[in-house]
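One structure is given here, and the rest of the page talks about it.
None of the figures in this text is laboratory data; all of them are computed from the coordinates on show. None of the values given here were measured: they were computed from a predicted structure. When we count neighbours, we look across all protein chains shown, and the Cβ atoms used for this are built from the backbone with ideal geometry, even at glycine.
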Amino acid sequence: MSKVLLIEYDKCVGCKNCEMICSLVHEGTCSSRLSRIRVARDERAGWNIPVSCAMCEEPICVAVCPSGACGRDPNTGIIMIDSARCIGCRQCVMACPFGHANFDPLKKTAFKCDLCQGDPQCAKWCWTGAISYGPLEEWLAQKRQQLALKLHP
Amino acid sequence: MRKSIGYAGLILEVDLSEQHLRVRELPDDMCRGYLGGIGFNARIVYDQVPAGTDPLGPDNVLVFGVGAMVGSPFPTASRTEVSAKSPMTGLFGTSNSGMFFGIQLKNAGFDALVIKGQSPTPVYLLIEDGSVNILGAAEIWGQDSWAALDILKNKYPGAEAALIGPAGENRVRFACIENSYYDAWARTGLGAVMGAKKLKAIVVRGRQGLSPHRTDSFIEIAWKARQLIESSPFFQPFKSYGSMNAAMPYGSFKALNAHNFNRGCLPDWKENFARNKVEELTKGHIACQSCIIACAHWVEIREGPYQGLKMKDMEVTPTVSFGSGCGMSLEACVKAAEMGQRYGMDMVSAASVMAMAAEMFTRGTITAEELGYELNFGDDVAMLRLMDDIAHRRGLGDILAEGAKLAGQKIAGGEEYAMHIKGLEMPMIDPRGRFSTWSLGMLTNVRGGDHLRCRNPIENLRYNENKFAYQKERFGFDQKMYEALDMPDHLKKKAIDLEADTTDIAIMSRWAEDLINLFNALGVCIRPPVEHKIGPTILAEAFTAWTGMEMTAEELMCAAERIWNVMKLFNLREGEKTEDSRFPGRFYQEDGGAVKLDEQQITRVLRQYYQARGWEPDSGRPSPEKIKELGLD
């Protein structure tokens, strides 16, 4: 996969609009509970952490899935859950180390980020740049450039 | 779990005297006629609070109305209006706040929450998807709002809460309702109403989701709205500095409330309250639900007596209220904000009575013996001590907790230092330094001395010249800005004269009040980049796609006008008089470092405003024709 979802915690201001737009495009409803991306927020302490799928190279959600519903799309490389094959055992939800994979209480199946098939709407709608989508190497180069500019303005 | 279209579809009524709950369906005509938020509140308070009701008695009704578009990704749709009869003014009390309470209440199933009666013992309300419980509040009653929130958030993870602090429990007349830790429904004393009902908190946790009527077009419209807001020249400054942007221009116009409106600005204002000072104390920004501006700052005090304070703060109105009104340092303003939040007090009113007390002390109207200490402007420690005394109604604080108007009546010789309109203390802006649409709006405001219900959407803060005293303010923008303003052409031509480069204050006031009413009904924020670029046209598109109810821009503005008229009729029923729309006497007798106000001229522009509203020009009452036109007869 050449592009990855890039999340910079310190840029997030906690508007949670990513949750609204994600659940709306996937489920036709605005609901944090059904959003693939979630923002962990501690208002008292003043921090906001957007959490989405890391698209692990060795995905534990895939490893624990007993029905073959959770797997990597061979064409796109995106790890997805096929709700038709999901048996609702929640193993992927429990195994995900980031609290990302989730469970739909109405459909009784698990769900996770599918990168909107290569055009993630959370990244498009994130106005602070906390969530972006692109090649990791370019992003790192940009970060190094920013550091350089700080040292040599 | 039911998926709703736009609205949650239900109104929850809680009677605390009877410990009784009732859920009723939200009627369609209520949505069309009053939209949501402030609209629902206006109708419900008008219908359910009988004339002459004691604001702190069981018959007052406290309403939380969530904006119609809250729960959607429309930029800034986050806001909830709370209303009741105000213990400050005896008139329509109302206040608006964002963050995450509204979206949770709506997702729990309710567009509005109506609280009646009075509980014999302290209680809190727990509202979760479809279930409502009245629970004993022994554990949190007496706690400051942050401590109470820590307990509630621990008990109900993921929940939001509206709650009162000690000020609300002690019925400080200007107590506010805290909206989680750092925000509040602050003005007009709604926290005292909640305290009188012995209701400590409303905890909401909602997860059911809200669906647009037409998903694709709604997403398209929300995206367009975002682009519009980002294209406003007010966007970047607001994104960077939030509302603190206004602190410097108002200082240079000599239009600050310095030392209880004795002078337009303080000598070291620029050094102590400028942008670089704000930058020094802040790091990062915090947003409300779905906001694309995030005007709020995260503040950290790293040295000095208030070292270690970390909180969301540096909003211009409270900061200037303490900084200029009481002469406090910027760091002490942050401390005062912390106390305001923990105690649950309206900071504008608190700062105003503190400044009033300092002036009375300076002039010998009250003494150090009565106070227990000396109280000079600029004495941070004494000011914060007084704030503590007010919240706990100790000593003279007990009288000041009644608000400037009543305290002025109770303290011999105090009345002339009470800076209020209709019983509500005025915020930072002094009309003697700059008379604008904003200034007139403070007189015509249904909630009294306040600047948040009328603001020219294309106000130009670069200028303060006024060739046509009280009638106009300088427009000062180019043709493109004129064209981009979403206002019907016939009205725009009357409101803005491009050739003379002026904006008509009376006509713009009426438009701005209705526009802000519309925002407060739909739950959209009134921050300048939004108010500037988001008008009734795109709001009508968004409302229609979200709710499935076809409404035109004209129909939305008509609903907003109806809401304003209902609030005004409530006030008139409670005995508001024409002469109540007047600035404090000082403004006509002293120049305050700028120019004295001309009462005749102001009466003239008020008449023009009443005419622009279709009201009777002498009395300022809605005319029978207007009442009929709005379907209120």
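So for chain B, taking the charge dipole from beta-carbon charges (+1 Lys/Arg, -1 Asp/Glu), which of B:I399, B:A484, B:S95 sits furthest toward the positive end? Selected residue: B:A484. When every alpha-carbon pair in the protein assembly as shown is counted, what percent end up more than 36 Å apart? The calculated P(r) of the protein assembly as shown puts 43 percent of pairs beyond 36 Å. Of the residues A:P105, A:P74, A:P50, the one that moves most in a GNM of chain A with alpha-carbon contacts below 10 Å is A:P74. For chain B, the 222 nm mean residue ellipticity estimated from helices alone, with every DSSP H stretch of n ≥ 4 adding -39500 (n - 2.57) and the total spread over all residues, rounds to -11500 deg cm²/dmol. Packing here is the average count of other Cβ atoms within 10 Å per residue, and on that basis the peptides B:507-519, B:573-585, A:112-124, highest first, run B:507-519, A:112-124, B:573-585.
Among the GluC sites (Glu not before Pro) in segment B:241-329, those located in a DSSP loop and surrounded by at most 14 other Cβ atoms within 10 Å of their own Cβ are B:E303.
For chain B, the share of DSSP beta bridges that are antiparallel, to the nearest 5, is 80%. In the protein assembly as shown, if the dipole is taken from +1 on Lys/Arg beta carbons and -1 on Asp/Glu beta carbons about the Cα centre, which of A:C53, B:F377, B:G449 is farthest to the positive end? So the residue furthest toward the plus end is A:C53. The share of Cα pairs per 10 Å bin across segment A:1-70, counted from zero up to the longest distance, runs 18, 36, 37, 9, 0 percent. With only Cα atoms counted, segment B:4-211 has Rg and Dmax values of 15.3, 42 Å. Within a straight-line Cα-Cα reach of under 29 Å, B:K628 can be paired with the following lysines, leaving aside sequence neighbours fewer than 8 residues apart in one chain: B:K85, B:K422, B:K492, B:K493, B:K494, B:K568, B:K577. Between B:D129 and B:M248, the contour length at 0.36 nm per residue exceeds the Cα-Cα span by 38.2 nm. Relative to the Cα centre, the charge distribution of segment B:437-629, modelled as +1 at Lys and Arg Cβ and -1 at Asp and Glu Cβ, gives a dipole magnitude of about 340 debye. Measuring nothing but alpha carbons in segment B:578-633 and taking Rh as the Kirkwood radius, the Rg to Rh ratio lands at 1.16. For A:K143, the aspartates and glutamates whose Cα falls under 20 Å of its own Cα, not counting residues fewer than eight places away in the same chain, are A:E8, A:D10. The Cα center of segment A:137-153 and the Cα center of segment A:1-80 differ in position by 27 Å. Once both labels are positioned 7 Å from their Cα atoms along Cα-to-Cβ, the gap between B:L491 and B:S623 label points is 1.8 nm.
Note on segment B:121-185 and segment B:438-462: Cα centroid distance 31 Å, given to the nearest whole angstrom. The mean number of partner chain beta-carbon atoms within 10 angstrom of a residue's beta-carbon across peptide B:219-225 is 2.
Annotation for segment B:569-583 versus segment B:215-248: alpha-carbon center distance of 36 Å.
With springs only between Cα atoms under 10 Å, which of A:A141, A:A101, A:A69 fluctuates most in a Gaussian network model of chain A? Taking springs between Cα atoms under 10 Å, the residue moving most is A:A141.
Highest mean packing comes first when the peptides B:18-24, B:371-377 are listed by Cβ atoms within 10 Å, giving B:371-377, B:18-24. Say R0 is 30 Å: what FRET efficiency, to the nearest 0.05, do B:N154 and A:C56 get from their beta-carbon distance? That gives a FRET efficiency of 0.40. Counted over the protein assembly as shown, the DSSP beta bridges are approximately 85% antiparallel. Taken about its Cα centre, the protein assembly as shown carries a charge dipole of roughly 980 debye when the Cβ of each Lys and Arg holds +1 and the Cβ of each Asp and Glu holds -1. Take each residue of peptide B:283-292, count the partner chain Cβ atoms within 10 Å of its Cβ, and average: the result is 6. Would segment B:437-629 count as rounded, prolate or oblate if I go by the C-alpha gyration tensor, calling it rounded below 1.5 in a/c and otherwise prolate when a/b exceeds b/c, oblate otherwise? It comes out oblate by the Cα gyration axes.
Most tightly packed first, judged by the mean number of other beta-carbon atoms within 10 Å of their residues, the peptides B:289-298, A:59-68 read B:289-298, A:59-68.
Note on segment B:219-425: dipole from Cβ charges, positive end direction compared against B:L281, B:P267, B:C291; the farthest Cα belongs to B:C291. FRET efficiency for the pair A:W139 and B:T552, taken as 1/(1 + (r/R0)^6) with r the Cβ-Cβ distance and R0 = 51 Å, rounds to 0.65.
Counting Cβ atoms of other protein chains within 10 Å of each Cβ in B:68-75 and taking the mean gives 4. For segment B:135-146, putting each phi into the Karplus relation 6.51 cos²θ - 1.76 cosθ + 1.60 with θ = phi - 60° gives couplings of 10, x, 10, 3, 5, 10, 5, x, 7, 6, 5, 5 Hz, in residue order, rounded to whole numbers and with x for Gly and Pro.
Cross-linked pairs B:K310/B:K335; B:K155/B:K312; A:K11/B:K153: Cα-Cα separations exceed 18 Å for B:K155/B:K312; A:K11/B:K153. Here the translational diffusion coefficient of chain B follows from Stokes-Einstein with Rh set to the Kirkwood radius across Cα pairs; for 37 °C and 0.692 mPa s it amounts to 135 µm²/s.
Using only alpha carbon pairs under 8 Å that are at least six residues apart, calculate the relative contact order of chain B and give it in whole percent.
Reported relative contact order: 16 percent.
Set the Förster distance to 60 Å, then compute FRET efficiency between B:D501 and A:L149 from the Cβ-Cβ distance, nearest 0.05. After rounding to 0.05, the efficiency reads 0.90.
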